[in-house]
Structure formats: structure tokens, C-alpha cells
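The values are calculated or read from the model by the stated rules, or taken from the named source; none is laboratory data. Treat the numbers as computed from the prediction; the structure is a model and nothing was measured. Positions of Cβ are generated from backbone atoms using ideal geometry, with glycine treated the same way; all protein chains shown enter the neighbour counts.
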Amino acid sequence: MNAMWLLLAICVLVIVSTTPADAQRAGASAKAKKRLLVVSHTAGFRHEGAIKSFDKVIAELAEKSGQFTVDYCRTAEDVKQMMSPEALKKYDGVIFSNTTGNIGIPDLQAFLNWVKSGKGVIGIHAAADTYHDEPAFIEMLGGEFLTHGAQCEVEVIVEDAKHPAMTHLAPRFRVFDEIYHFKNIDRAKLHVLGSMDRHPPDGLPQAGQPGDYLLIWCKPYGKGRVFYTGLGHREDVIESEWYKQHILGGIRWALGIIRNPQPRIGQPAAR
Ligand SMILES: [Zn+2]
């Protein structure tokens, strides 16, 4: 009888000592980290310094956040091996880190369908200079690189201060970088996160003139999520703390780590 009471007491102790916090921790550790593929193969212009800086930054963000792991896909052979429909199955998202040109994804339609199935895409700067020969890729990303002028300082207007990629930024923040101009871009099809209300002072004919220039956006793609930032040419931009936060927020949003309301496509966000 005494032994039975002892057993009962032990059971009660075990139940009491398993607090909700313990359960939460156990749940968090049991939940696998997201897996990201960082693609930096280039078939056109190569942002060598920016790619190297980004590789360092993304490793740091993976380590510090503890929320995702990264694999690197750097060469044509890597793309062939790591971006096949079969190989993509183990990933939750892809970062196009200053990729350019037709990088040779083995089955591009299968890749796009994979994104549509609920995966994340994060595009950095020259990601928009990738696959000019594939309108379906451009449509997925939301815009296509047209040209750029001299590097310059611009004032970026934060259009959605609640988006995880933008929460830490001033309503109008200034950045010195190479600023892209886009074609095949339509505000009505994007949830714009950052824009400029005048042409960058980059020496091009329209420099400084008022206008609507999009720079950072996100959008749903099927059940997937696409985040793109035009910033990320200069190494000092990529390695700055605000940019790291910007990218981490974009990743968390694209991978669904942070739940955020569905992007309001084409609607100006509340300021
Ligand atoms: Zn560039």
C-alpha cells in the first residue's frame, strides 16, 4: 500500500513539474528548423563582393535566429543538383542572392509550381536581373531589372511599417546604394513595402523628377510567398545592422515563421 502511495506521489510530482513553458520549449525544439537554399550562381553580371557579404550575413542570421538553416548553391553544377524537383523537396524556401541571367534551374516550371505549393522566395537586388528570357519567373518575382544609374542616396518611403521586413525602419529612411529601375512591374499586383516619390539622383535623364518608383515589395504566389528588396548592391549596405533586420524580417515572412496578414495587393498601406 505504501508503495502505491509513493508511486502516486511521484506521478503527481511529474505532472506538476511539467509546466506549460516546458511543454512549449519541447514543442519548439521538436519543430524542425526551416531550410533555406541560398542561390548565388550568375549567368550574367556578377556582384562578387555583394554575394560574399550576403553569404556571411545569412550564416549569421541563421545562427542567431535559430529559426532556419542554410545551404549554398553557388555554381551551375550546384543549381543542376540542388534545384531539381527532387532536391527541392527538402527546402522551405530559396534566396536568389544577386543571381543574374538564365541560371539553369533544371525544370523551371516545376520550380515555380514548388513555390506555388507554399514555399518562400526571397529576392535580393539582382534577383530581378535573372531569367529575362522567362516571363513566368519575372511574373513570380513581380518586376524585372531595366537599368540603373550611378550609385546615389535615396529616400525610401516605408509603405507598410507593420511588415516584419520594415518595422525597424524610419517612415522615410535614407540609403546610399545602386538603385534599380524596373520594367514589367505593376503596383496593382504587388504589396509595396518601400518606394520613392522621385527619380533617384543617379545621373539618368529623369534624375530628381517626381514619380512613383517601387523598390521593395512582397506578394503571394499561389500558396507561396515572395519577398523582394532592390537594395543589396553595396557590401556596406548588406553588412549593416538595419539591412540584416530587413532581410531577417523578409525571410521570416516568406517562410511563414511570422504570421502576418495576407499582403494587400495593390492597396496603399496605412501609414
Ligand atoms: Zn548592382
- Could you check, for segment 71-88, whether at least one of its residues is within 16 Å of the ligand (Cβ to nearest atom), over 20 Å from the mean Cα position of the chain (by Cα) and surrounded by fewer than 14 Cβ atoms within 10 Å (Cβ to Cβ)? no
- Only one of 145, 173 is within 13 Å of the ligand (Cβ to nearest atom), over 13 Å from residue 199 (Cα atoms) and part of a strand (DSSP E or B); which? 145
- Residue set 208, 203, 232; condition within 13 Å of the ligand (Cβ to nearest atom) and at positive phi; output residue 232
- Message: For segment 239-248, give me each residue that is buried (at least 23 other Cβ atoms within 10 Å of the Cβ) and in contact with a His (Cβ under 9 Å, 6 or more places away or on another chain).
- Response: 246
- From the residues in segment 100-116 that are more than 16 Å from the ligand (Cβ to nearest atom) and under 17 Å from the mean Cα position of the chain (by Cα), which one is surrounded by the fewest Cβ atoms within 10 Å (Cβ to Cβ)? 116
- Item | Selection count, segment 40-51, where residues are surrounded by 14 or more Cβ atoms within 10 Å (Cβ to Cβ) and either without any contact (Cβ under 8 Å) to a residue 12 or more places away in the chain or within 15 Å of residue 243 (Cα to Cα) (or both) | 2
- Scanning segment 125-160 for residues that are of a type in the set (A, V, I, L, M, F, W, C) and more than 25 Å from residue 201 (Cβ to Cβ), which turns out surrounded by the fewest Cβ atoms within 10 Å (Cβ to Cβ)? 136
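Might you check whether a residue that is in contact with a Pro (Cβ under 6 Å, 6 or more places away or on another chain), away from the ligand (no atom under 13 Å from the Cβ) and either modelled with pLDDT of 95 or more or outside any helix (DSSP H, G or I) (or both) occurs anywhere in segment 118-141? Steps first, answer last, please.
Start the filter on segment 118-141 by keeping residues that are in contact with a Pro (Cβ under 6 Å, 6 or more places away or on another chain), which leaves none.
No, segment 118-141 has no match at all.
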- Message: Here is a list: 238, 216, 179. Which entry is modelled with pLDDT of 95 or more, within 16 Å of the ligand (Cβ to nearest atom) and within 18 Å of residue 161 (Cβ to Cβ)?
- Response: 216
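Taking segment 58-81 as the region of interest, how many residues are without any contact (Cβ under 8 Å) to a residue 60 or more places away in the chain and part of a helix (DSSP H, G or I)?
Result for segment 58-81: 10.
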- Test: residue in segment 164-176 that is surrounded by 23 or more Cβ atoms within 10 Å (Cβ to Cβ), at pLDDT 95 or above and touching a Cys at 6+ places or on another chain (Cβ under 8 Å): yes
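To keep it simple, each residue is scored yes or no on (1) among the acidic types (Asp, Glu); (2) in a loop (DSSP other than H, G, I, E, B); (3) over 17 Å from residue 149 (Cα atoms).
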position: 165; (1), (2), (3): no, yes, yes
position: 194; (1), (2), (3): no, no, yes
position: 200; (1), (2), (3): no, yes, no
position: 213; (1), (2), (3): no, no, no
position: 218; (1), (2), (3): no, no, yes
position: 231; (1), (2), (3): no, yes, no
- State whether one or more residues within segment 197-213 are within 27 Å of residue 94 (Cβ to Cβ) and surrounded by 13 or more Cβ atoms within 10 Å (Cβ to Cβ). yes
